């Protein structure tokens, strides 16, 4: 298969344009994800007499809702990239692939973890090979194994570019990590509690409001672009 010329710059441009164009939708997306992270912890903290099993039930319920929102986010960003009407209700209504998505995530995690245990490099390769399995599960309604296989075929010829793109987005989390680390060390002092106590959550939310939409929009574009390239190659092969 001929190597596909994926432009990281173009992908980021499309991702940024999508983020700024649909900022109102992403505001509700980030807010929903933030609440799904904070609410269960607050429920457990403010209910000291809650039983162990009730706490686990809270984790499971909110965890499943979070997965549904993640799948819905894939649907919504693909609607944006493809120029279709965006249905915000898709964030909470994409529940049919839930089992396939969870099973696929487990298999994907095992492939990556197993590869990392071997020689690290196989783990990174497996990470890149299966990167778009969730898109196939949600967008094409594939089963977990078929989705992983399809993702492996889709990423042929562009894995190096995907590696650089992944590393770029990982690097964006360094400033937030440093800020949280600073808060942790300064939280032992009164000045640290006052100065960082309210600032860090606000900064984290603002950070997610930019990075999360940019990340998911960029990857949705890459997935759509690779699908288009694969279809064109198949058409040319039959000429």
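The values are calculated or read from the model by the stated rules, or taken from the named source; none is laboratory data. Since we're looking at a predicted model, the values are computed, not measured. Backbone-built Cβ (ideal geometry, glycine too); neighbour counts: all protein chains shown.
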Per the filter on the stretch 199-222, residues within 16 Å of residue 168 (Cβ to Cβ) and at pLDDT below 90 are 207, 210, 211, 212
If a residue must be modelled with pLDDT of 90 or more and surrounded by fewer than 22 Cβ atoms within 10 Å (Cβ to Cβ), how many such residues does the stretch 223-239 contain? 3
Taking residue 67, is it under 14 Å from the mean Cα position of the chain (by Cα) and in contact (Cβ under 8 Å) with a residue 12 or more places away in the chain? yes
If you go through the stretch 187-195 one residue at a time, do you hit one that is part of a loop (DSSP other than H, G, I, E, B), in contact with a helix residue (DSSP H, G or I) (Cβ under 8 Å, 6 or more places away or on another chain) and modelled with pLDDT of 65 or more? no
Tell me, which helices (runs of 4 or more DSSP H) lie completely within the stretch 32-149 with 2 or more residues that are farther than 21 Å from residue 165 by Cβ? 52-81, 90-93, 98-118
I need the full set of residues from the stretch 104-122 which are more than 20 Å from residue 216 (Cα to Cα) and buried (at least 17 other Cβ atoms within 10 Å of the Cβ), in order please. 111, 112, 115
